[in-house]
Structures are given as structure tokens and as C-alpha cells.
1. How much length would be gained if the chain were fully extended between ASN34 and LEU62, taking 0.36 nm per residue of separation minus their Cα-Cα distance, in nm to one decimal?
2. Rolling a 1.4 Å sphere over the protein heavy atoms, what is the accessible area per residue of the stretch 1-58, to the nearest Å²?
3. Which of the lysines could a cross-linker span from LYS73 if the Cα-Cα distance has to be under 24 Å and same-chain partners fewer than 8 positions apart are dropped?
4. Could you calculate the contour length gain from ILE69 to THR54, that is, 0.36 nm times the residue separation minus the distance between their Cα atoms, to one decimal place in nm?
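The values are calculated or read from the model by the stated rules, or taken from the named source; none is laboratory data. From a predicted model like this one, the values you see are computed outputs, not experimental measurements. For the accessible areas, the whole protein counts, side chains as well, though only heavy atoms, and no ligand, DNA or RNA atoms are used. Shrake-Rupley method; radii C 1.70, N 1.55, O 1.52, S 1.80 Å.
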Amino acid sequence: YFQSVWKGEEKTPVVFAMICPGVAFSTSQFFFINKGLVAAGIIEKFGVAFWSLTGFALLVQLVTAVALIGLIKQQIMVHKQEPEMLPA
């Protein structure tokens, strides 16, 4: 299913639901890192562990944004087609 969506074979707004897990994961990671681990004193803010975990969350967010842009190009943007040549 994912391959058919990524190739643009599926033309339905439902495919945008594929973005939700990436957004939810990165958002929950930011809360877990900052309000959980840093606030509890388990890791130091702006330390190596902080940036390692934050870097992973940022990577997931970047991949999600790239996937969203790809879906927008496939699903929403109208591609110009050459007009058909009709016999005179």
C-alpha cells in the first residue's frame, strides 16, 4: 500500500493520514525529552544525551515533512498535460 501511495497511484485525501504518526512521535519525543528527562534531572539540558535524542526527533520530523511535501505534490498539485492533437 505504501508503495502505491508513494508512486502516486492512490488519489485520495486519506493518504494524508500517513503523516500523523510522524508528527505524533516527534512531538511526544520533544515533550518526553524536555518535560520528562531534563525536568527530572536525568539528562542535562543541551548535553550530549539531550542532543542525541533531540537529533533523532528532528530527523523523524524532517522525514515527515519531506513525505508531506511529496504527498502534496502528488495529491493536490495539478500537473499540466499537453493538449491532444486532433485531426483536422
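1. Details: separation 28, 0.36 × 28 = 10.08 nm, distance 1.93 nm.
Here the answer is 8.2 nm.
2. Values: 4060 Å² over 58 residues.
I get 70 Å² per residue for this part.
3. Candidates past the 8-residue exclusion: LYS7, LYS11.
4. 3.2 nm
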